[in-house]
Structure formats: C-alpha cells, structure tokens
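Every read-out reported here was derived from the displayed coordinates using simple, explicitly stated rules and does not represent laboratory data. The structure displayed is predicted, hence computed values, not measured ones. Positions of Cβ are generated from backbone atoms using ideal geometry, with glycine treated the same way; all protein chains shown enter the neighbour counts.
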Amino acid sequence: MARHSDLYRLIQPVPDLRSADGRGPVLVHGLEGFTDAGHAIEGATDHLKDSLDSQLIVEFDADQLIDYRSRRPPLKYSFDHFAGYDEPTIQMHAVKAADGTSFLLLSGLEPDLRWDGFTESVIDLAGSFGVRMSIGLGAMPLSVPHTRPTTSSAHASDVDLIRGFTAWPGEFSVPGNISSLLELRMSEHGIPSAGFTVHVPQYLAQTAYPAAALNLVGNIAKIGELDLPTGELEKSVEEFTAQVDAQIAHSPEILGAVELMEKQYDEFMETRMGSDSLNPGGKPLPSGDEIGAEFERFLAEQSGDNGPEVS
C-alpha cells in the first residue's frame, strides 16, 4: 500500500472509514515524547480509545523506530523473576465518534529513528484512507496557574482552519518533533493540517494533568467536527483540582506564589501586551522549578498523602 510498508503491518479487515456524506476521515496524531507535558497527549489518546469503539488497524515496527537506550522500556520484576515487559508501541486505530463518524488515531511513542520513512508511511496511509484533515497534539510547560482556564496555541497549514482559536504570533525556531514534522509534511502533500499545543502549568508538568487532556479533546471535537465524550475527563479535572487546591491551602508559601502568578497572568490576559509571552512586564513570575520545589517540600512533610505528583 505504501512506499515504506516495511515500517508497519496492516491489520485486516480494515473498516469503511467514510462518513455518511462520503467524506474521508480525520487523522488525529498524538505521539508521546518531546512535547507531552502533563501527560496530556497520552491522556487524550487513551481517553479516546477507552471511551469510544476503537479498532487497531496499523501496527508500526517499534524495533525500527525506537532507541531503547534513550527511553528504556520498563521490565516488571516479581520477587525472584522478571514477569513482564512493557513493549513500546506505535499504532493507528480506527475510532468511531459518538455519532458513528469514524476517524483515525495515531498514538504511542514518538519515533526516535527514521523520521522521513515514518512520516512518508503515515502520509501514504492517509492517502489510502482518504484522510481529509490531520490534527496534531502537543503539550508544553509554561508559567500559567492551574486556577485559570486551560488554554492552547493553534497552528495550521491554512489560517482558516483555526479561526476562533489563538495562535502564537511571530517567527522563531523550536526543537524538531515528529508531530510538527507530520503537520508540515501533510501540508506539503496537500492534506489540510492543524495542531494544538496545550499550555500546562510548569510546576505540574511531570504529573498527569487532566485539564490539558480535556482541552485537547475539546479542540479535536471542534475543528474535526466530531462528537467526542468528555464526561470522565471533566470528572478527573474536578478531582485533581480539588486535591491540588487542598495542598496549596496548607502552605502559605505556595499559595502566595500561585496568587502572584494569577495576578500577572490576569494582567497579561487583560492587556494582551507581549502576546508572544505569558510573562508580562513587571516583577518576574516565580519559576516552575521554584514552585515545584516548594510543592515537593510541602508534600514530603505530609504523611500518607496520595495527591498529585509534582515536578
């Protein structure tokens, strides 16, 4: 089917992915790696697979794509023997939205190797399935407070795709990642492509942050015209926020740092000055490391605490 078919195997039978009006499916690609702060990509893709009818249709060969020494897969040990191996996976599922509309979901680990071959394989598969649009997922840590609405930055091959969303202005260079490369290559091959990078509080970037996953799922639903469930994620957001707020309430140092971040964030949102940064002028915001260190100190003093893990 594709020029780089040695990188994957197609699992039959492949369902009909066309919608009732004959349109091809949307391809959502969320690969965990360089840009998955708050485990937002993992949370969003797992939620879509778990809450909807999904069928595995493509399995990529992780042995050719993953550098095991840079990201060592965990082995499970039980008393006197090794009991299991958490094999890395890169997969494409056919998923049915709540209204029955099918879309494709590419998920798993971001490839370390053979980026050109991998992107060409995905593009060839997209052409074979008649993909009408691709949507990429990303997450980055920023100096934003968890007490404010979770936001994201949109980017697209055609600005009309992201009307009503917010994009970072200006020109700059970022470290390469497979999601952004796929977005670029899709566009070059004539497939409309868009993506969202959700903003995660830096001091919570190392723990699962459900508000970020919820933001990504909402963006997918809106731009892809897909009916996606969010009830479980919304419940997780409420529970997580309550845990963090309870921890903050017992630490005047953390509470003061978060309140300062709220103030400066609100000033920025009101004035929209320096819109290429979430740190407006004035007194510098406390760094995520500083707040995270304070969280760690506070949590270490608690006994039997099962709250969110913070960086």
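Among H81, H29, a tally of other beta-carbon atoms within 10 Å of each Cβ gives an order, fewest to most, of H81, H29.
Per residue of the chain, the DSSP helices (runs of n ≥ 4 H) give a summed -39500 (n - 2.57) that works out to -11500 deg cm²/dmol at 222 nm. With only alpha-carbon pairs counted, each pair once and no self-pairs, how large is the Kirkwood hydrodynamic radius of the chain in angstroms? For the chain, inverting the mean 1/r across all distinct Cα pairs yields 20.8 Å. Footprinting exposure proxy ranking of R69, R9, R185, fewest other C-beta atoms within 10 angstrom first, gives R69, R9, R185.
Given a Förster radius of 22 Å and the C-beta distance between E239 and R148 as r, what FRET efficiency does 1/(1 + (r/R0)^6) yield to the nearest 0.05? That pair, E239 with R148, gives E of 0.75.
So, counting K/R as plus one and D/E as minus one, what does the shell of residues with Cβ under 9 Å around R9 add up to? Computed value for this residue: -2. Taking the longest Cα principal axis of the chain as reference, the axis of helix 231-249 is set at about 20 degrees.
Seen against the Cα atoms of the chain and their longest principal axis, helix 288-301 is set at about 70 degrees. Amide H to amide H distances under 5 Å link D36 with A139, where only residues 5 or more positions off or on other chains count and H is placed in the peptide plane. For G130, the shell of other residues with beta-carbons less than 10 Å away shows a net charge of +3, using +1 for Lys and Arg and -1 for Asp and Glu.
Take every DSSP beta bridge whose two residues both sit in the chain; close to 55 percent of them are antiparallel.
The 3J(HN,Hα) values that the Karplus relation (6.51, -1.76, 1.60; θ = phi - 60°) gives for the stretch 89-94 are, in residue order, 9, 9, 9, 10, 10, 8 Hz. Gly and Pro appear as x.
Summarising the amide proton neighbourhood of I191: residues at separation of 5 or more, or on other chains, whose placed amide H is nearer than 5 Å comprise an empty set.
Sort V28, V237 by Cβ crowding within 10 Å, fewest neighbours at the top.
So the ranking, lowest neighbour count to highest, is V237, V28.
Exposed loop sites here mean chymotrypsin sites (Phe, Trp or Tyr not before Pro) with a DSSP loop assignment and at most 12 other beta-carbon atoms within 10 Å; the chain contains its longest site-free run at 173-311. Between the Cα long axis of helix 115-129 and the first principal axis of the chain there is an angle of about 60°, rounded to the nearest 10. Each label point was placed 7 Å from the Cα along the Cα-to-Cβ direction; for A246 and D16 their separation is 5.1 nm.
Summarising the strand pairing of the stretch 8-130, around 75 percent of its internal DSSP beta bridges are antiparallel.
Over the Cα atoms of the stretch 100-191, what is the Rg over Rh ratio if Rh follows Kirkwood?
Numbers: Rg = 15.0 Å, Rh = 15.3 Å.
Radius of gyration over Kirkwood radius for the stretch 100-191 works out to 0.98.
Other residues lying with their Cβ under 9 Å from the Cβ of G33 contribute a combined charge of -3, Lys and Arg counting +1, Asp and Glu -1.
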